[in-house]
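Below is one structure; the comments refer to it alone.
The values are calculated or read from the model by the stated rules, or taken from the named source; none is laboratory data. Predicted, not measured: the structure shown is a model, and the values here were computed from it. Positions of Cβ are backbone-derived with ideal geometry, glycine not excepted, and every protein chain shown enters the neighbour counts. Note: areas computed on protein heavy atoms with side chains; ligands, DNA, RNA excluded. Shrake-Rupley method; radii C 1.70, N 1.55, O 1.52, S 1.80 Å.
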Amino acid sequence: MSSVTGIELYRGYSHSIDLYITGTGLFARSGMLTFSLTLIRHGETQYNRDKLLQGQGVDTLLSETGAQQGEAVGHYLKDIPFSTVFVSNLQRAIQTAEFILKTNNHCSGNKMILEPLLRERGFGIAEGRPRECLKNMANAAGKSSREYTPPGGETLDQVKARVRKFLSVLFNQVVEAHGWSGQEPGTEDGDVSDSAPCGFASDGLEGVSVHALVVSHGAYIRVFMKHVLEDLKCSLPKGATTSHVSSPCPNTGITRFIFTVKPSEPAPVLSDARCVFIYRKDHLVNLEAAEQK
């Protein structure tokens, strides 16, 4: 399925493990694992440009602009040593991840886990139609476009259930791969940085040695953000507002979290969560300037 030599793909696995939540804990203590999660939306497709709904049933490739966005985000993140890579199994997400991995200085030969739990929200009969069509259907039902579920589509609660299952899969995979040690060698307990972001690709990563990359979709990411920030009580970046969180993630927009999990049965539990930045698109500045000329 992949067009990039040296990138091995295999199908993701989905555990039916509930996500357990505990009170706030310190970032780096004995018997815990702290890791970063860099969450990215796929690059632009022609359907995005034409304001058509894709969902799960329309599996399109990136547009020319989308490919340029993929190259740009890959270059921006080229020095981040991602050890775990989860990707939606839809082509637009796979292509975006391929651009990121082939540019990365540390990910040669990394396995890309194709995870169906990361697929876009299903929009049922509205897939392939203009977004305006969904808006009209929602208005007729007396609901907003985000809350409305077209016939055959997924409810927000169903997407949220996928998010919860994916987090369980992610926590288990990271712990299985790295054990209970997520600090850089030589750092002391509690030394994981929580300083304000400075606009660098490495923001929030000081003192963290385990890094996960996830590539998914716009509507899915909106539900993911709401669940992590509201249900899991993840802290917001300094200066971020709820309106920023609820706004659409741009194509190849980057969000970063620092998660700490600790041992428990039957699965690791979340001890602490912090959002470093939301929907960053610094890497697109030159592309957007070129398009405006």
Within region 106-124, tally of residues that are open to solvent by 30 Å² or more (accessible area, probe 1.4 Å) and at pLDDT 95 or above:
2
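Does residue 228 fit the bill of being at pLDDT 85 or above, assigned to a helix (DSSP H, G or I), in contact with a helix residue (DSSP H, G or I) (Cβ under 9 Å, 6 or more places away or on another chain) and β-branched (Val, Ile, Thr)? Before you say what the answer is, go through the steps one by one.
On the way: at pLDDT 85 or above: yes; assigned to a helix (DSSP H, G or I): yes; in contact with a helix residue (DSSP H, G or I) (Cβ under 9 Å, 6 or more places away or on another chain): yes; β-branched (Val, Ile, Thr): yes.
Yes.
Can you go through 216, 271 and tell me which one is under 26 Å from residue 113 (Cα atoms), surrounded by 14 or more Cβ atoms within 10 Å (Cβ to Cβ) and out of contact with any helix residue (DSSP H, G or I) (no Cβ under 8 Å at 6 or more places or on another chain)? It would help to see each step written out before you state the result.
On the way: 216 fails: out of contact with any helix residue (DSSP H, G or I) (no Cβ under 8 Å at 6 or more places or on another chain).
The match here is 271.
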From the list 151, 130, pick out the single residue that is at pLDDT 95 or above and in contact with a Lys or Arg (Cβ under 8 Å, 6 or more places away or on another chain).
130
Looking only at region 31-68, count how many residues are open to solvent by 10 Å² or more (accessible area, probe 1.4 Å) and not in a loop (DSSP other than H, G, I, E, B).
11
Only one of (1) touching a strand residue (DSSP E or B) at 6+ places or on another chain (Cβ under 9 Å); (2) open to solvent by 10 Å² or more (accessible area, probe 1.4 Å); (3) of a type outside the set (Lys, Arg) fails for residue 254. Which number is that?
(2)
Given (1) surrounded by 19 or more Cβ atoms within 10 Å (Cβ to Cβ); (2) in a loop (DSSP other than H, G, I, E, B); (3) modelled with pLDDT of 95 or more, number of the condition residue 192 does not satisfy
(3)
Search result, residues across region 200-225 that are out of contact with any strand residue (DSSP E or B) (no Cβ under 8 Å at 6 or more places or on another chain) and either farther than 30 Å from residue 158 by Cβ or without any contact (Cβ under 8 Å) to a residue 40 or more places away in the chain (or both)
200, 201, 202, 206
Looking at 201, 240 in this structure, which one is over 18 Å from residue 85 (Cβ atoms) and open to solvent by 10 Å² or more (accessible area, probe 1.4 Å)?
240
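So, in region 129-173, how many residues would count as being assigned to a helix (DSSP H, G or I), open to solvent by 70 Å² or more (accessible area, probe 1.4 Å), closer than 30 Å to residue 213 by Cβ and out of contact with any strand residue (DSSP E or B) (no Cβ under 8 Å at 6 or more places or on another chain)?
Matching residues across region 129-173 total 4.
I need the full set of residues from region 246-279 which are in contact (Cβ under 8 Å) with a residue 60 or more places away in the chain and either part of a helix (DSSP H, G or I) or under 19 Å from residue 67 (Cα atoms) (or both), in order please. Steps first, answer last, please.
Filtering region 246-279 for residues in contact (Cβ under 8 Å) with a residue 60 or more places away in the chain gives 249-264, 266-272, 274, 276-277.
Selection gives 249, 250, 251, 252, 253, 254.
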